[in-house]
Amino acid sequence: MKKWLALAVAFAIGSGGALAQEEQPGVKDFLAGQEAIKTKNFDAAIPAFEKALVANPELFASNYFLGWSYKAKQNWEKCGSNFEVFLRKVGSDPKAGEQIGHSNREGGLCYARAESFAKAIPHLQKAKSAKPNDKEVQFLLGVALMRENRENESEQAFTKVIELDPSLKNAYYYAGRINFNRQQWDPATQQLEKYLELGPDDAFAPDAHFMVGSNAIRMAEGSPDAAALQLKATEHLTKFLAAKPTAPQAPQAHYILGSIAAQRDDNATAKTHFQKYLELEPTGAQAEEVKKFLADLTAQ
């Protein structure tokens, strides 16, 4: 950033002498912001740069420094918007090449953290083109693309993240979820199991257990390993229910577990799961089937 300090004033307000520069509207506030930035006093830098812009909108180098300042304050939306304004006003000026690169990267990351995904994507794509091995850019680009329903591009980004750093667990989770949504059960299971290996207590672990468990029961049908896959489904769905007993997927988990128990003639366990299914989803798709099973048990 220091290289930009000297360039910024000349770039924004011309090449006159120091006294002439300081007499132009907004320059004193701009320079005060620069001094505050040097000591990381962002609480002082932000109002100084904003005051400079009010006095002189052509001091758009202020937006660049406001981007960094708001990043430090974790105000992600204002971080992104200030870098975006700087990019729009600076255009393709060759003197600002380094700052343009920073602004696309940091602005895109800030917009992604603010969940302004549509705004984040073009900046992150430019940052990715400049530095394809930037795993933070690749990861948040993947998240942004996924949230904008651009799953093919998103999966490519997560695949690149895994290639760059195989220890980043959330890339496996998101890639697995994309494949789960596509009904590509084998790759989804592999990716989600790797995620669970790396982060067994992570925030997304319960949902990963649900997807792995439900995948296992799908793969069990007609498989010579049906018993092992049913055991796998039971293990993962039980962990899911322990963590999220009232989640939207909970009725389906109880239905699967009840069905597995019924196939094994474990009627007591089946009854428990089916009763819980009806409690959570009294008019669900399997409700009539479950009621019939419970009625047959009662009649025995």
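Throughout, read-outs are computed from the coordinates displayed, never taken from laboratory work. What you see is a predicted model, and the numbers here were worked out from it, not measured in a lab. Don't worry about glycine lacking a Cβ; one is built from the backbone with ideal geometry, like all the others, and counts go over all protein chains shown.
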>> Here are labelled values, (1) 57, 19, 13; (2) 54, 19, 14; (3) 42, 27, 17, and one is the computed semi-axes √(5λ) of the Cα gyration tensor in Å for what I pasted. Which one?
In response: (1)
> Per 5 Å bin from zero, what fraction in whole % of the C-alpha pairs of segment 177-228 is there, up to the bin with the longest pair?
Replying inline: 5, 22, 29, 23, 14, 6, 1
> Ordered by packing density, taken as the mean number of other Cβ atoms within 10 Å over each peptide's residues, highest first, how do 172-185, 238-251 rank?
Replying inline: 172-185, 238-251
>> Ratio of alpha-carbon Rg to the 2.2 N^0.38 Å globular estimate for segment 67-139, to two decimals, please.
In response: 1.00
> When the convex hull of the C-alpha atoms of segment 124-262 is computed, what volume per residue in Å³ does it have?
Replying inline: 106 Å³
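Given the rule -39500 (n - 2.57) for each run of at least 4 DSSP H residues, summed and divided by the residues of the chain, what is its mean residue ellipticity at 222 nm, to the nearest 500 deg cm²/dmol? Could you put the intermediate results ahead of the total?
Working: 17 runs with 231 residues, N = 300.
That comes out to -24500 deg cm²/dmol.
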> What is the packing order of peptides 229-235, 31-37, 255-261, 282-288, taking the mean over residues of other C-beta atoms within 10 Å and listing the highest first?
Replying inline: 255-261, 31-37, 229-235, 282-288
> So which lysines can K135 reach, going by Cα to Cα under 16 Å and dropping same-chain residues fewer than 8 places off?
Replying inline: K126, K160, K169
